[in-house]
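Taking it in order: structure first as structure tokens, then the write-up.
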Amino acid sequence: MKLASLKSGRDGRLVVVSSDLAWCADASAVAPTLQRALDTWTESEARLGALFAALERGEGAKEPFSEEACASPLPRAFQWADGSAYVNHVALVRKARKAEMPESFWTDPLMYQGGSDVFLAPRDAIPLADESWGCDLEGEVAVITGDVRQGASREEALAAIRLVMLVNDVSLRNLIPNELAKGFGFFQSKPSSAFSPVAVTPDALGAAWKDGKLHRVLDVSLNGAPFGKANAGVDMTFDFGTLVAHAAKTRDLAAGSIVGSGTVSNRDADGGPGRPIDAGGLGYSCIAEVRTVETLVSGGPKTPFLRKGDRVRIEMRDDSGRSIFGAIDQVVAAPAR
């Protein structure tokens, strides 16, 4: 089943979306918003599933689906917690900051609590007031949970995952070192994120959803050129069950909580840092990683961080080449006044 929120008020209008992303059907008779559907999932899941099945058969009222008309599936959420499941990425980015990599990072997930009161729509501009802040894209996978009890096991956490989607977790790299030096974590360096137009139930992902990981290639392009083709199921040290259970260690998680994977990152075939696509590698899902590799190889970074006018596209396709979640497609621009 695929769900989306068309732009309407603060929390959007819930629709079910056909597998090919061509059509959608209004779901307000079941739940006016995705958050409401998650709050009542025991009863709403079956009704939404029936509506989706009818849409797939070509039955009932429908309208053409427009990704441009979408807000993020949850335009705002009770919680957004982003992990760092790809420890290869963590190691490279910390190396760029000349920060040591504790061994515990391989056994205990990193996670930060991001701002969830305002998410960007998947086609909204990335607002950037100052290019010196070092604006970066971060292509990731994220899940939306139902209610999760404090102390839930990995298996219980996996069972609580309701939907899967993609995210561009925007980072302001040049603000990060000073913030972390204060010992209190990210805040200004982590502005609003954008999520894919569509969120998908794990069962609809078929064999690609296995062991709490999404085994698909994450296509990232920058200004129309291929930038990254890492497989989200490879080199993922912590699966989503582990990440959700980590988030719930000391607190309950409310239905509608979003947990991210962190930047998708693959090692090269020889076990070393990834190579650019034009050099035969799988590329990168963020600019900080390629800048670190450039520094290791040639002594300094060459790829600039995002500038106004740059365009970022993040998407994932199935075996037939069809977009699964729709595309995050954003241009960097000055903030609207």
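Can you tell me how many residues within region 155-204 are surrounded by fewer than 23 Cβ atoms within 10 Å (Cβ to Cβ) and in contact with a His (Cβ under 9 Å, 6 or more places away or on another chain)?
0
Is it the case that Leu74 is assigned to a helix (DSSP H, G or I) and surrounded by 21 or more Cβ atoms within 10 Å (Cβ to Cβ)? It would help to see each step written out before you state the result.
Numbers: assigned to a helix (DSSP H, G or I): no; surrounded by 21 or more Cβ atoms within 10 Å (Cβ to Cβ): yes.
For Leu74, the condition - assigned to a helix (DSSP H, G or I) and surrounded by 21 or more Cβ atoms within 10 Å (Cβ to Cβ) - is not met.
Considering only residues that are open to solvent by 50 Å² or more (accessible area, probe 1.4 Å) and either among the β-branched types (Val, Ile, Thr) or within 19 Å of Gln330 (Cβ to Cβ) (or both), which ones fall in region 237-256?
Thr237, Thr250
Return the residues of region 22-41 that are not small (Gly, Ala, Ser) and not in a helix (DSSP H, G or I); say none if nothing qualifies.
Narrowing region 22-41 to residues not small (Gly, Ala, Ser): 23-24, 26, 30, 32-36, 38-41.
Within region 22-41, Trp23, Cys24, Asp26, Val30, Pro32, Thr33, Thr40 qualify.
Only one of these is part of a loop (DSSP other than H, G, I, E, B), among the small types (Gly, Ala, Ser) and in contact (Cβ under 8 Å) with a residue 12 or more places away in the chain: Ala142, Ala157, Ala152. Name it.
Values: Ala142 fails: part of a loop (DSSP other than H, G, I, E, B); Ala157 fails: part of a loop (DSSP other than H, G, I, E, B).
When all the criteria are applied, what remains is Ala152.
Of the residues Val290, Val259, Val264, Val234, which single one is open to solvent by 60 Å² or more (accessible area, probe 1.4 Å) and either closer than 30 Å to Arg154 by Cβ or in contact with a Gly (Cβ under 9 Å, 6 or more places away or on another chain) (or both)? Talk me through it step by step, then tell me what you get.
Values: Val290 fails: open to solvent by 60 Å² or more (accessible area, probe 1.4 Å); Val259 fails: open to solvent by 60 Å² or more (accessible area, probe 1.4 Å); Val264 fails: open to solvent by 60 Å² or more (accessible area, probe 1.4 Å).
Of the residues listed, the single one that is open to solvent by 60 Å² or more (accessible area, probe 1.4 Å) and either closer than 30 Å to Arg154 by Cβ or in contact with a Gly (Cβ under 9 Å, 6 or more places away or on another chain) (or both) is Val234.
How many of the residues making up region 182-220 are within 26 Å of Leu128 (Cα to Cα) and either over 15 Å from the mean Cα position of the chain (by Cα) or not small (Gly, Ala, Ser) (or both)? It would help to see each step written out before you state the result.
Here is the first cut: in region 182-220, the ones within 26 Å of Leu128 (Cα to Cα) are 182-198, 218-220.
Cutting the leftovers down to either over 15 Å from the mean Cα position of the chain (by Cα) or not small (Gly, Ala, Ser) (or both) gives us 182-191, 195, 197-198, 218-220.
Of the residues in that region, 16 qualify.
Ala37 versus (1) among the hydrophobic types (A, V, I, L, M, F, W, C); (2) open to solvent by 10 Å² or more (accessible area, probe 1.4 Å); (3) over 13 Å from Ser18 (Cβ atoms): which is the lone unmet condition?
Result: Ala37 passes all but (2).
Can you report the number of residues in region 165-195 which are assigned to a loop (DSSP other than H, G, I, E, B) and out of contact with any Pro (no Cβ under 7 Å at 6 or more places or on another chain)?
13
I'd like the full set of residues that are of a type in the set (S, T, N, Q) and more than 19 Å from the chain's Cα centre (by Cα), limited to region 159-181. Show your work before the answer.
Step one: of region 159-181, the residues of a type in the set (S, T, N, Q) are 168, 171, 174, 178.
Correct list: Asn174, Asn178.
If you check every pair at least six apart or on different chains, which have Cβ atoms under 6 Å apart with a residue in region 225-253 that is among the aliphatic types (A, V, I, L, M) first and a residue that is surrounded by fewer than 16 Cβ atoms within 10 Å (Cβ to Cβ) second?
Pairs that qualify, where the first residue is among the aliphatic types (A, V, I, L, M) and the partner is surrounded by fewer than 16 Cβ atoms within 10 Å (Cβ to Cβ), are Ala248/Gln150.
Which ones in region 210-224 are farther than 11 Å from Gly139 by Cβ, open to solvent by less than 50 Å² (accessible area, probe 1.4 Å) and part of a strand (DSSP E or B)?
The answer is Lys213, Leu214.
Can you tell which of Ser44, Ser19, Ser5 is small (Gly, Ala, Ser) and part of a loop (DSSP other than H, G, I, E, B)?
Only one candidate qualifies: Ser19.
The values are calculated or read from the model by the stated rules, or taken from the named source; none is laboratory data. Please read these numbers as outputs of a predicted model, since none were measured by experiment. Backbone-built Cβ (ideal geometry, glycine too); neighbour counts: all protein chains shown. The protein model used for the area step is the full one, side chains on, heavy atoms only, and it has no ligands, DNA or RNA in it. Shrake-Rupley method; radii C 1.70, N 1.55, O 1.52, S 1.80 Å.
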